[in-house]
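See below for the structure under consideration.
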Amino acid sequence: MGSLLGGEHVPGTHWDRFGKYNAIALERADGAILAIRAHAGELVPGSTEDLLDFLKACNGRHPVAPFTLELDPTYACSSVSCGGACFSAAYRSLRPKAQISEEAAEAAIRAFAHNGGRVVRFDGGGDPLMHEGVRSGRLVVKANELGLRTTILTSGDLLHRSSWEAIIDSDCYLRVSLNAATTPTRREIHGNKVDMAKLWAVLARISQYAMKVSGPPVGATFLLTAMNYHEVAEAARMARDAGIRHFSVRRVLGPDQLRPQFTTTDLETLPELLADARGMSNDDFVVFTPFREVNEPDLSPQSGQIAASSCWQSTFKTVMEPADQDSKVRVQLCGRYRGDGVGQVTQLPAIATSAEPSSWVSDWRNSFHAYPHSRPSLLRKCTSCIDRGFIEFMEALIEFTEMGSRAVNAEHFYIAPQDLGRLRGGLTLRSGRPST
């Protein structure tokens with residue numbers, strides 16, 4: 001397959017490959033080969049192999065459970081509003097102490113695993129480490145025992161009070177939102193009194209422990225705003241020195257009122273800082289920076305900016321957040337509609353507003369025919385989407401495998417960025433042999 005696609009073959013486990021490939025070549029039993037642009041990390045902490053196994057279980061039908069569950073266990077957060085760019089601040093303020101009880105969260109995770117789900121991302125909403133079941137590691141340990149891959153996306157403010165050894169021992173990928181290199185900038189953005197020196201120190205201890213026990217790597221994100229962009233390269237350097245393995249710089253997405261207002265000077269200075277950060281990449285430290293301009297508007301499915309026949313994001317992923325009772329759960333289409341889409345241009349109803357944790361998967365499954373909007377029609381309804389890469393990747397993968405009914409082998413490659421455009425929508429490298 002490599003000779004047909006060109007570029008450099010990237011072997012190894014999914015963590016060995018992480019961030020080092022940008023294309024996948026798939027081969028069917030009939031000899032057909034399709035090359036597609038890779039999914040830019042949306043499967044993490046899952047892998048290509050996890051997804052192909054999941055699709056094989058679908059065998060031509062809709063999945064009976066999502067591939068990924070984004071579990072927001074609490075609306076509580078140790079930060080205030082992340083410099084005015086926090087997408088959840090508006091709805092969290094309505095119910096700042098809302099949470100899913102640990103018992104309910106465990107039941108929901110168990111139902112997810114028993115129905116074939118693969119990945120649990122403890123997310124927010126609030127900060128998942130504000131939930132005792134996550135901070136103690138108990139929910140992470142349970143998910144691991146059930147055979148699930150897990151990740152925790154956190155500000156890191158409470159890492160020093162967490163059972164991070166148990167979390168790493170459960171093969172959980174920890175990703176911390178740094179958003180600054182220094183304490184004054186971090187405090188200005190997050191609106192709390194966290195000392196960055198202490199956060200860097202605990203991150204170094206966690207990274208060293210993960211390496212010692214051959215655990216998953218530790219990752220970090222940096223959300224660009226006008227208040228912190230000048231520290232992005234320094235934050236990357238400090239992350240590298242602390243033993244963090246992945247450093248991902250993110251744009252603020254969403255409605256105009258959430259977007260930072262960069263000056264002309266900011267926009268002229270930023271590319272050099274991002275280039276400095278990228279220049280630190282090596283085999284042990286991978287840096288991701290945006291390939292779109294920081295002030296570029298969100299993509300609009302309604303305007304035809306996503307080339308797909310259906311919303312595969314909400315077909316293979318879902319969001320769970322607190323309901324009106326701690327013993328219940330609320331299930332949303334996708335991350336754009338957390339908190340019922342408060343603050344978004346488009347607001348859509350929840351899949352389930354008050355579901356039993358042990359049976360929520362059936363509510364999700366029924367949404368394929370009972371929800372007011374079909375998955376294909378969402379591409380004409382939604383005005384904003386941050387998941388085009390995953391949706392278009394899945395469009396090509398589903399068509400080629402016929403929703404998993406045709407098995408494929410996959411190999412991973414890095415090709416020149418200027419050549420990636422030819423892979424959008426999939427590029428047939430070899431046609432299949434006709435059946436006899």
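Read the figures in this text as sums done on the coordinates, not as results from a lab. Being a predicted model, the structure only gives us computed values, none of them experimental. As a convention, Cβ positions derive from the backbone with ideal geometry for all residues, glycine included, and neighbour counts pool all protein chains shown.
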* Find the all-direction average of the projected area of the Cα convex hull for the range 195-269, expressing the result in square nanometres with one decimal place. => 6.0
* To do: Report the semi-axes of the equivalent ellipsoid for the range 342-436 in whole Å, largest first, where each axis is √(5λ) for an eigenvalue λ of the Cα gyration tensor.
  => 33, 20, 13
* When we measure straight from the Cα of LYS212, which lysines land under 27 angstrom away, once same-chain ones fewer than 8 places off are left out? -> LYS20, LYS142, LYS198
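For the range 230-343, count all C-alpha to C-alpha pairs, find those more than 17 Å apart, and express that count as a whole percent of the total. All intermediate terms of the calculation are to be shown ahead of the outcome.
Numbers: 4479 of 6441 pairs.
Every Cα pair in the range 230-343 considered, those over 17 Å come to 70 percent.
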* Structure fact -> Expected sort for ASP171, ASP241 with the fewest Cβ neighbours (10 Å cutoff) up front is ASP241, ASP171
* Take the Cα coordinates of the chain, assign each an equal point scatterer, and use the Debye formula without solvent to give log10 I(q)/I(0) at q = 0.08 Å⁻¹. => -0.43
* Structure fact -> Among trypsin sites (Lys or Arg not before Pro) in the range 175-262, those in a DSSP loop whose Cβ has at most 14 other Cβ atoms within 10 Å are LYS193
* **trypsin sites (Lys or Arg not before Pro) within the range 26-128: DSSP coil, no more than 13 neighbouring Cβ in 10 Å** => ARG61, LYS97
* **Whichever aspartates and glutamates have a C-alpha closer than 16 Å to that of LYS317, once near sequence neighbours (fewer than 8 apart) are set aside** => GLU42, ASP50, ASP53, GLU70, ASP72, ASP123, ASP363, ASP387, GLU392, GLU395
* Cα gyration tensor, the range 386-436 - rounded (a/c under 1.5), prolate or oblate -> oblate
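Identify the chymotrypsin sites (Phe, Trp or Tyr not before Pro) of the range 271-301 meeting these criteria: DSSP loop state and at most 14 other C-beta atoms within 10 Å of the C-beta. Before the final figure, lay out the partial values.
Values: sites: PHE285, PHE288, PHE291; in loops: PHE291.
Those satisfying the criteria are PHE291.
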* To do: Would you order HIS190, HIS14 from fewest to most other beta-carbon atoms within 10 Å of each residue's own beta-carbon?
  => HIS14, HIS190
* To do: Would you work out if the range 32-125 is rounded, prolate or oblate? Take a ≥ b ≥ c from the square roots of the eigenvalues of the alpha-carbon gyration tensor; rounded if a/c is under 1.5, else prolate when a/b is larger than b/c, oblate otherwise.
  => oblate
* Structure fact -> In whole Å, largest first, the alpha carbons of the range 68-303 cover along the principal axes 52, 42, 37
